[in-house]
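Here the structure is laid out as structure tokens; the discussion comes afterwards.
The values are calculated or read from the model by the stated rules, or taken from the named source; none is laboratory data. On a predicted model such as this, the values are computed, not experimentally measured, just so you know. FYI the Cβ positions are ideal-geometry reconstructions off the backbone, even for glycines, and counts take in every protein chain you see. All accessible areas refer to the heavy atoms of the entire protein, side chains included, with ligands and DNA or RNA removed. Shrake-Rupley method; radii C 1.70, N 1.55, O 1.52, S 1.80 Å.
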Amino acid sequence: MTRDDQTPTGPAWTAAGWRVVLAVTTAALFACWLLVDWRGPTFQIQAWLSASKRTVDGDGPEQTTPWQCHLAAQRTVQQRGAQTLHNWSDDELIGRAIRTEDAMRPQNPTNVTHDWAALDYVDPSLRCRPVGGDEKPKIAFMFLTAGSLPLAPVWEKFFEGNRRLYNIYVHGNPDWLRDRGFGESMGVFWGRAVPSGTTHRAEPDIVKAERRLLANALFDDPMNEWFALISESCIPVRNFRYVYRALNSTSGSRIDCGSGAPGPLMKTRYTARGEYAMLPEVPFEDFRLGSQWFSIRRRHAMMVIRDTKYWPKFRLPCLRRGACAPDEHYVQTLVGNLDAAACQGTSTFVSWNGTKGGHPQSFGPEESTAHLIEAVQAQQRGRFLFARKFRPEALGALLSLTDRLFHP
């Protein structure tokens with residue numbers, strides 16, 4: 001037998017086999033990219049697209065509900081190991097939120113349209129949003145946290161039985177989210193983390209986090225009408241239905257937009273970036289002060305993410321760390337100057353008795369009593385819907401009060 005008649009040697013077959021393996025692997029990776037990363041690297045949208053298929057195509061007798069979409073999105077986040085709803089940059093997120101809002105409300109900014117087919121060019125995920133006239137306005141609860149949510153069980157009790165009337169968004173410490181995150185054991189908080197950045201007290205990155213939360217909530221659900229900023233040390237002091245009725249009974253927003261008490265504080269903070277740094281966009285007489293913890297309407301949330309006048313000034317670094325406190329001035333100045341009549345005072349109670357280092361009073365198990373809750377409820381004609389700051393060790397005492405907290 002000549003060499004030409006012999007079977008090809010092992011190395012030749014090995015090279016050919018590797019070429020086949022490489023081709024198959026490349027095709028598989030490309031298919032995964034189409035499934036996971038199509039139209040932007042977002043896990044949430046892929047779940048919405050999958051959950052809404054029967055609704056869009058008209059296959060099957062049942063229509064996919066928003067809650068089914070939400071569950072599908074959560075499963076996708078969990079199964080694919082994602083820590084956040086998506087991984088868009090701030091600019092991309094805000095751009096999507098603005099384009100979607102403009103497409104939904106081209107004529108009348110006070111009414112939500114439901115012609116989702118017209119929004120295909122904005123994002124296919126909108127096909128799985130509310131489509132019927134029976135959908136009610138929702139409250140977007142935006143949790144701005146330094147890490148975990150130690151009082152989450154109290155909020156779980158608060159949310160019970162009201163699933164179609166709220167959405168949750170959590171901005172946490174990126175390191176904490178990476179190491180621990182909000183898994184299935186977190187109940188209603190599972191899968192609700194937004195892409196987060198490191199924040200520092202009284203620094204501009206706190207306001208960046210607020211804008212990030214607002215943009216996520218605006219884009220996520222067109223039925224989000226109220227946007228309540230909540231800290232990890234905050235609890236509700238009324239039941240859900242009371243909060244819902246109280247917010248929707250007014251056309252304004254629950255935010256402080258005051259000119260500040262007489263004294264040097266306002267001037268010190270105004271000039272903390274430089275004596276003339278805020279001019280000409282923000283003259284001193286337009287500078288406002290108020291609690292960071294607001295509950296604002298959708299139109300005011302849109303003002304915040306559309307803003308290109310005030311934000312470039314308030315995002316400037318402070319000459320002395322912590323001296324600017326933009327979280328107590330930026331949104332307050334914006335809304336206070338563009339819609340002053342809508343400022344109706346914060347809905348979050350805080351006590352400055354016994355303050356230490358500029359921090360308000362915090363409540364432990366001993367102070368977390370029925371008497372405290374009743375006192376908060378009675379203040380300022382029942383204006384307050386939330387209260388802070390409660391320490392993590394107060395959880396047991398607060399859970400024992402849930403019947404009193406959330407009674408009809």
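Here are the numbers for the structure shown:
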| item | result |
| --- | --- |
| Selection from segment 250-261 of residues that are open to solvent by 40 Å² or more (accessible area, probe 1.4 Å) and farther than 14 Å from G290 by Cα | S251 |
| Yes/no for Y330 being open to solvent by less than 20 Å² (accessible area, probe 1.4 Å), within 19 Å of R254 (Cβ to Cβ) and among the aromatic types (F, W, Y) | yes |
| Selected residue [within 26 Å of A272 (Cβ to Cβ) and small (G, A, S)] from G364, G345, G354 | G345 |
| Subset of segment 153-195 that is open to solvent by 30 Å² or more (accessible area, probe 1.4 Å) and assigned to a loop (DSSP other than H, G, I, E, B) - its residue that is modelled with the lowest pLDDT | R180 |
| Residue within segment 286-299 that is over 29 Å from Y166 (Cβ atoms) and acidic (D, E) present | yes |
| Among (1) under 26 Å from the mean Cα position of the chain (by Cα); (2) outside any loop (DSSP other than H, G, I, E, B); (3) farther than 26 Å from I98 by Cα, the one test that G345 misses | (2) |
| Filter result for the condition that a residue is of a type in the set (F, W, Y) and open to solvent by 20 Å² or more (accessible area, probe 1.4 Å), over F406, F363, F390, F384 | F406 |
| 1 or more residues polar (S, T, N, Q): qualifying helices (runs of 4 or more DSSP H) within segment 210-322 | 240-248, 265-270 |
